Amino acid sequence: MDFNEYQEKANRTLYGTEQVLTNCALGLSGETGQLVYLIKDYTFKGKKFDREQIIHEMGDVLWYLSQIAEWADIDFNEVAEKNIETLNRRYPDGFSMDK
């Protein structure tokens, strides 16, 4: 599945028309926090790395990102492509701690 297909399918589950951008931004923050806590608990509290829960939270983050793009009429594939262009410009030979 490409990003645009995901964006289209995810948009079927968007609820409401009032303050969608604010709702999505707040939701993104909350879901990102949940993902961060899973990683923190694994790293610092010795909890089991729960791959399925990580995937679930990453999916929630992806959903909110896609809906912010949808609200702003931004092609989600373009977001991914522009990010890769930025990474290639910053790190033409890949990232290295030696540089």
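Quick notes
- Scanning the stretch 45-57 for any residue that is aromatic (Phe, Trp, Tyr), outside any loop (DSSP other than H, G, I, E, B) and closer than 30 Å to Asn23 by Cα turns up nothing.
- Selection within the stretch 2-33 - modelled with pLDDT of 90 or more and not in a helix (DSSP H, G or I): Asp2, Arg12, Thr13, Gln19
- Condition check for Asp60: modelled with pLDDT under 95 and either surrounded by 10 or more Cβ atoms within 10 Å (Cβ to Cβ) or outside any helix (DSSP H, G or I) (or both): no
The values are calculated or read from the model by the stated rules, or taken from the named source; none is laboratory data. All values reported here derive from a predicted model rather than from experimental measurement. Because the Cβ atoms are built from the backbone with ideal geometry, glycine has one as well, and the counts that use them run over all protein chains shown.
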